[in-house]
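K.L.:
I'd like to ask you about the structure that follows.
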Amino acid sequence: MPTLSILIPAFNEERTIGDVLGVLTRLELVGGVAKEIIVVNDRSQDGTAKVVSAFKEANPHAAIALIEQPVNRGKGAAIHRGIAAATGDWLIVQDADLELDPAEINTLLQPVLSGEATVVYGNRFALGLPYAGYPLRSYRANKFLTWLSNRTTGLGLGDMEVCYKLMPTAVAKSLRLREQRFGFEPEVTAQLAKVKGLKWAQVPIRYTARTHDQGKKIGWKDGLRAVWCIVRNA
């Protein structure tokens, strides 16, 4: 039975991680694909680990692994740790909140199962702004970074910064990823673009952003770092 590894990097997400695990545990993947859920706790200072442990105890039949980072190193480093631990045929990253609807993981799986693609990216902007009130500056920043990434990779992506990137686990393990924080997105895109033989696809997905008060962690400095990552990996 083919398996999808779902990696969840988590830092101070006690308010939302339980809901995410609940949705993922109930989610039935298309084509009979099994799930492997890997939570990487990035040395949270709240009760994130306790929530995950309690959920595991209450759901003993769910395939959930909890990995503890020895020190806080950032989202990218947590994803690297998750990639190393993944045993599925494919992997995808799920943030420890519900900005993205986990049900749409099936939308990314379908082109892979049909043989149309080996790498599938979501696109939050396929129909323009993802929702009413989405900050125009954020939209422009995302479009600029995607444009710059496409210029260096030759890809025609609509949303390079999207969290939902589905790829073969073996390919992910072969990449030499270094970015510790949010630079993971442009770095993994640039390195995947250099892997020969991959077939790419994009699918529209829905998006509901949270604010910094609600736990959003990315900032303008991460945007500058993304530019550097794109140029460095060109």
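The values are calculated or read from the model by the stated rules, or taken from the named source; none is laboratory data. Computed from a predicted structure; not experimentally measured. Using ideal geometry, Cβ is built from the backbone for each residue, glycine included, and neighbour counts are taken over all protein chains shown. Areas reflect the complete protein model, heavy atoms only, side chains present, ligands, DNA and RNA absent. Shrake-Rupley method; radii C 1.70, N 1.55, O 1.52, S 1.80 Å.
K.L.:
Here's a check for you: in region 18-45, which residue that is acidic (Asp, Glu) and assigned to a loop (DSSP other than H, G, I, E, B) is most open to solvent (accessible area, probe 1.4 Å)?
P.N.:
GLU28
K.L.:
Let me confirm something: among THR118, THR107, which residue is open to solvent by 20 Å² or more (accessible area, probe 1.4 Å), β-branched (Val, Ile, Thr) and touching a Leu at 6+ places or on another chain (Cβ under 9 Å)?
P.N.:
THR118
K.L.:
For region 75-129, how many residues meet the condition of being of a type in the set (D, E, K, R), assigned to a helix (DSSP H, G or I) and within 16 Å of VAL33 (Cα to Cα)?
P.N.:
1
K.L.:
Moving on to the next point. State the number of residues belonging to region 46-62 that are aromatic (Phe, Trp, Tyr) and in a loop (DSSP other than H, G, I, E, B).
P.N.:
Residues flagged as aromatic (Phe, Trp, Tyr) and in a loop (DSSP other than H, G, I, E, B) within region 46-62 amount to 0.
K.L.:
While we're on this one: Using beta carbons and a limit of 8 Å, which pairs, at least six apart or on different chains, have the first residue in region 151-170 and part of a helix (DSSP H, G or I) and the second one β-branched (Val, Ile, Thr)?
P.N.:
THR152/ILE230; THR152/VAL231; THR153/THR189; THR169/ILE83; THR169/THR87
K.L.:
Exactly one of (1) modelled with pLDDT of 95 or more; (2) closer than 19 Å to ALA172 by Cα; (3) of a type outside the set (Asp, Glu) is unmet by GLN45. Its number?
P.N.:
With respect to (1) modelled with pLDDT of 95 or more; (2) closer than 19 Å to ALA172 by Cα; (3) of a type outside the set (Asp, Glu), GLN45 is out only on (2).
K.L.:
Mind telling me which of the residues VAL23, VAL40, VAL93 ends up being more than 15 Å from the chain's Cα centre (by Cα) and modelled with pLDDT of 95 or more?
P.N.:
Working: VAL40 fails: more than 15 Å from the chain's Cα centre (by Cα); VAL93 fails: more than 15 Å from the chain's Cα centre (by Cα).
Exactly one of VAL23, VAL40, VAL93 is more than 15 Å from the chain's Cα centre (by Cα) and modelled with pLDDT of 95 or more, namely VAL23.
K.L.:
Pairs only if they're at least six apart or on different chains, beta carbon under 9 angstrom, first in region 6-18 and without any contact (Cβ under 8 Å) to a residue 60 or more places away in the chain, second among the polar types (S, T, N, Q) and buried (at least 21 other Cβ atoms within 10 Å of the Cβ); list them, first residue then second.
P.N.:
GLU14/SER44; GLU14/THR48
K.L.:
Is it fair to say ASN142 is open to solvent by less than 60 Å² (accessible area, probe 1.4 Å) and either at pLDDT 95 or above or among the basic types (Lys, Arg) (or both)?
P.N.:
No: the conditions fail for ASN142.
K.L.:
Have a look at VAL71, VAL52 and point out the one that is of a type outside the set (D, E, K, R) and either crowded, with 18+ Cβ neighbours inside 10 Å or closer than 21 Å to THR107 by Cα (or both).
P.N.:
VAL52
K.L.:
Looking at region 165-213 only, could you name the residues that are aromatic (Phe, Trp, Tyr) and out of contact with any Lys or Arg (no Cβ under 9 Å at 6 or more places or on another chain)? Quick ask: steps written out before the conclusion?
P.N.:
Here is the first cut: in region 165-213, the residues aromatic (Phe, Trp, Tyr) are 182, 184, 200, 207.
The answer is TRP200, and nothing else.
K.L.:
Here's something else I'd like to know. Report whether or not GLY197 is in a loop (DSSP other than H, G, I, E, B) and modelled with pLDDT of 95 or more.
P.N.:
Judged against the criteria, GLY197 is a match.
K.L.:
Run ARG178 past the list (1) closer than 22 Å to PRO9 by Cβ; (2) crowded, with 20+ Cβ neighbours inside 10 Å; (3) at pLDDT 90 or above and report the number of the one that doesn't hold.
P.N.:
(2)
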